[in-house]
Amino acid sequence: MVKMAKKIKKRNGQIQDYAANKVIEGLKKAGAAGDEAVKVAEKVSSWIGEKASDGVVTSRDIGKKAIEYMGDVNEGVSVSFKKYFDNTPNKGKKTGG
């Protein structure tokens, strides 16, 4: 079985390689302990391998999944990360006229 590279479709449409360290850093900024953040990032990485269509998943879906998994580990951090995630602007994305 050939293992596909994990690719992320960013909100602005760019395709990038998945970087677990970005999930870890985001969760740590929300208050997660290092081991909590790593545990969640590992689960997200595994989920991407199962979910990705043609090896690609959206950054929005990754964030939602990180919130879900963090809720199982540390509900307070999950709520904090969700607030940050919901208020993150669509960098580089053109809006309206």
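A Förster radius of 25 Å combined with the Cβ-Cβ distance from Asp35 to Lys83 puts the calculated FRET efficiency at roughly 0.65. Less than 5 angstrom separates the built amide H of Ile8 from those of Gln16, Asp17, Tyr18, Val57, all sequence-distant by 5 or more or on a different chain. Sequence-ordered 3J(HN,Hα) estimates for the range 20-31 from the Karplus curve with 6.51, -1.76 and 1.60 and θ = phi - 60° stand at 4, 4, 5, 5, 4, 5, x, 5, 5, 5, 7, x Hz, glycine and proline given as x. Calculate, in whole percent, how much of the Cα-Cα pair population of the range 7-86 lies beyond 19 Å. That tail contains 29 percent of the Cα-Cα pairs.
Once you keep just the Cα pairs under 8 angstrom separated by 6 or more residues, what percentage relative contact order results for the range 9-85? Spell out each step's value before the answer.
Numbers: 71 pairs, mean separation 27.6, N = 77.
In percent, rounded to a whole number, it is 36.
In a reduced charge model with +1 at each Lys and Arg Cβ and -1 at each Asp and Glu Cβ, the range 7-86 shows a dipole moment near 360 debye about its Cα centre.
Projecting label points 7 angstrom from Cα along Cα→Cβ for Asp17 and Asp61 puts them 2.1 nm apart.
Only the coordinates and a few stated rules stand behind these numbers; no lab work does. All values reported here derive from a predicted model rather than from experimental measurement. All Cβ positions, glycine included, derive from the backbone under ideal geometry; neighbour counts span all protein chains shown.
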